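J.: Would you mind keeping the following structure in view while I ask a few things?
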Amino acid sequence: MGKKISSFMTSKNILIVLTVLCCFFIGTSFFTDTLTRPLKKVVSMVVVPVQNGMNNIGLWVYDKYETLQEISVVLDENKNLQSQVDELTEENNQLKQDTYELSRLRELYQLDSQYTEYSKVGARVIGMTTDNWHSSLKIDKGTDDGIQAGMNVIASGGLVGIISETGSNYSIIKTITENNSNVSGMLIDSNETCIVQGDIELMDTGMIRVTHFKSDVIVRNGDKVVTSNISDKYLQGILIGYVKDVKLDSNNLTQSGYIVPAVDFNNLQEVLVITQLKE
């Protein structure tokens, strides 16, 4: 009987202890939650914005990284495109140069066909000298190519001048624009003679002088003047240029004026040397 009572009391005590512990833990949990709630709120107010800010910064950095990657790709593409543009520009410039050279060569061919009675040697202009009295050109052909002093030189449909000096691989041309240059000319329509005189001071105007037309000769602007048959240095029939502003001289015996040369002396690059000398 005593053992049963003792066993009952022990079970009761355990139950009481468990009940007290449960109440303690429930109270502690409630008390702890009550105490930590404000702290959690404070932490939430501080930490959450910081966390959001860090997230936003991370997203911003990622976006910037993506943007930089895209910019890098675009720059590479632009570099490639610029390279292609440079290549196309170079090809276009080369094409223009080839077209220009072809045009000049075509002009030389046409010039050659105008004077088929004469044999010729083509040459490139490699130098130019102009001072107060002289106007000369240097070409890349000389005695090794059959060039001799006294040979006539033509280009762009007209007379350039005469070979005055030669070397083995070069020659000097005395142009018709020199001050001491005198070419015997004539009107192509009437064979009326004249003297074409060089004048360095007139070079900038694109003209040279013409004198000694007879007073009764009818001369019109644009009339063609060619080398005459009485010239002792120039072959007959080579175009010199076109008459302009011929007027009666003060002596009332002759007429003088200007000639616009058939040759553009400011842009000479190729010439033809007539290998036949005036006899």
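Since every read-out is calculated from the coordinates, none of them should be taken as a lab result. The structure displayed is predicted, hence computed values, not measured ones. Quick reminder, even Gly has a Cβ in these numbers, built from the backbone with ideal geometry, and neighbours come from all protein chains shown.
J.: Once amide H atoms are placed 1.01 Å from N in the peptide plane, what residues at a sequence separation of 5 or more from Cys194, or on another chain, have their amide H within under 5 Å of its amide H?
T.: Excluding prolines and chain starts, which carry no amide H, the hits are Gly185, Met186.
J.: Using modelled amide H (1.01 Å from N, peptide plane; none on Pro or chain starts), what sits under 5 Å from the amide H of Glu165, excluding residues fewer than 5 places away?
T.: So Glu165 has HN proximity to Ile172.
J.: Ranked highest first by the average count of other Cβ atoms within 10 Å around their residues, in what order do 209-221, 192-204 fall?
T.: Put in order of decreasing packing, that is 192-204, 209-221.
J.: Quick one: 3J(HN,Hα) in Hz for the stretch 246-261, Karplus 6.51/-1.76/1.60 with θ = phi - 60°, rounded, Gly and Pro as x.
T.: So the Karplus estimates, Gly and Pro as x, are 7, 9, 5, 6, 5, 7, 6, 10, 10, 10, 9, x, 9, 10, 8, x Hz.
J.: Going by amide H atoms built from the backbone, whose H comes under 5 Å of the H on Val160, apart from near neighbours?
T.: Val153, Ile154, Ala155
J.: In the neighborhood of Gly206, defined by Cβ-to-Cβ distances under 11 Å, what is the net charge if each Lys or Arg adds +1 and each Asp or Glu adds -1?
T.: -1
J.: From the convex hull of the Cα coordinates of the stretch 120-274, what is the mean projected area in square nanometres?
T.: Average projection, Cα convex hull of the stretch 120-274: 8.6 nm².
J.: Taking the Cα centre of the stretch 238-279 as origin and charging only Cβ (+1 Lys, Arg; -1 Asp, Glu), how large is the dipole, in debye to the nearest 20?
T.: It works out to roughly 120 debye.
J.: In whole Hz, with x marking every Gly and Pro, tabulate ³J(HN,Hα) for the stretch 115-121 from phi via Karplus 6.51 cos²θ - 1.76 cosθ + 1.60, θ = phi - 60°.
T.: 10, 5, 6, 10, 7, 9, 10
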